[in-house]
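The values are calculated or read from the model by the stated rules, or taken from the named source; none is laboratory data. Just so it is clear, the model here is predicted, and its values are computed rather than measured. All Cβ positions, even for glycine, are placed from backbone atoms using ideal geometry, and neighbour counts span all protein chains on display.
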């Protein structure tokens with residue numbers, strides 16, 4: 001088969017349905033999300049998708065011989081050039097499947113990496129993508145040749161005598177990772193300085209979080225008038241975007257942050273690599289959790305978001321508002337049910353970021369929550385309390401400081417959680 005231009009790459013999505021997996025998801029909806037992921041990558045002609053039920057995944061091939069024969073026929077009949085598997089595929093399985101099917105194969109991690117690589121816009125985002133890709137690539141180095149065929153000598157500066165090519169490749173990747181990590185550290189330090197500068201300005205941070213494609217960027221654009229990429233597409237926003245805005249109705253000025261969307265089963269390499277893009281969430285005075293209330297798996301998506309917020313240590317410590325977005329997509333009956341349910345819950349707002357319905361109420365709610373979220377107080381510290389003083393500056397809570405013969409008088413803006421953390425030092 002002749003490979004066509006990359007812009008015309010014909011792709012097919014497979015979702016392996018493994019009943020014994022820890023996370024039981026509706027396979028049809030999981031496939032739908034996987035197809036949406038594939039559509040998020042430019043240059044793919046997504047022909048369709050299939051659910052493949054697997055009782056016991058084959059360690060070397062993933063699929064059984066019978067399933068593999070069916071897949072080979074599907075690939076040939078549809079002239080498929082790229083198979084996307086919605087799940088983890090081991091290096092050995094990938095090599096064997098590509099050999100058997102005669103096409104390129106990407107697993108879920110590889111596909112998300114490709115999307116992230118296409119979306120990354122800031123220097124930090126690009127570096128994080130490169131690091132995640134190298135970490136992933138390092139696991140893909142498989143002994144495709146025999147030991148002797150890969151042997152090579154050396155002069156010491158390109159690897160010791162007898163070092164295999166795989167070992168040399170791993171060492172090269174590790175060296176590149178070290179270089180990228182140094183560059184990323186510099187970028188993160190710059191962002192830390194910017195954050196410290198923002199902390200001197202008494203503007204609270206409101207972070208929008210949520211499952212990918214929940215409508216965060218549309219809401220961000222509505223509130224700020226910005227032109228952040230907002231499409232009906234998974235991972236439309238990758239890099240965190242921040243804007244200073246004045247909330248309507250005489251509300252305070254706030255810094256609004258739009259963050260990368262969360263997704264189920266995000267590979268560990270990506271969670272680690274993109275943790276820094278969620279730093280603004282750690283510094284937030286208020287978290288607005290945006291949910292697509294019209295999505296059939298909105299509850300499962302909300303649980304995924306809660307798990308990540310828990311891992312960041314902010315789920316129970318930072319005030320939150322839950323926004324049920326896309327009410328314009330609900331049937332009248334489902335909308336009535338959602339309204340009745342929301343009325344029984346605290347801090348839940350229904351709105352449509354597309355039509356603007358409910359936006360005024362959300363602004364009022366944000367204003368009210370921020371009024372109780374942070375307050376300005378004066379803290380007096382003796383010269384011996386250097387650790388406490390350093391902690392206040394490290395957290396960016398100090399707005400002003402005056403020194404006298406007895407010590408320091410600091411003007412701080414903090415919330416109850418930060419005050420209790422300070423008192424416990």
Answer with yes or no whether residue 310 is closer than 21 Å to residue 206 by Cβ, crowded, with 19+ Cβ neighbours inside 10 Å and modelled with pLDDT under 90.
-> no
Determine whether residue 346 is free of Cβ contacts under 8 Å to residues at least 12 places away in the same chain and assigned to a helix (DSSP H, G or I).
-> no
Kindly indicate whether any position in segment 324-341 is under 17 Å from residue 262 (Cα atoms), surrounded by 19 or more Cβ atoms within 10 Å (Cβ to Cβ) and either within 26 Å of the chain's Cα centre (by Cα) or not assigned by TED's automatic domain parsing to the domain that holds residue 221 (or both).
-> yes
Taking segment 385-425, which residues are touching a residue at least 12 places away in the same chain (Cβ under 8 Å) and part of a loop (DSSP other than H, G, I, E, B)?
-> 385, 395, 396, 397, 406, 415, 425
Does any residue of segment 101-111 turn out to be surrounded by fewer than 17 Cβ atoms within 10 Å (Cβ to Cβ), touching a residue at least 24 places away in the same chain (Cβ under 8 Å) and either outside the structural domain of residue 261 (by TED's automatic domain parsing) or not in a helix (DSSP H, G or I) (or both)?
-> yes
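Table: residues versus (1) touching a helix residue (DSSP H, G or I) at 6+ places or on another chain (Cβ under 7 Å); (2) within 26 Å of residue 290 (Cα to Cα); (3) outside the structural domain of residue 314 (by TED's automatic domain parsing).
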residue: 346; (1), (2), (3): no, yes, no
residue: 359; (1), (2), (3): yes, yes, no
residue: 363; (1), (2), (3): no, yes, no
residue: 368; (1), (2), (3): no, yes, no
residue: 387; (1), (2), (3): no, no, yes
residue: 413; (1), (2), (3): no, no, yes
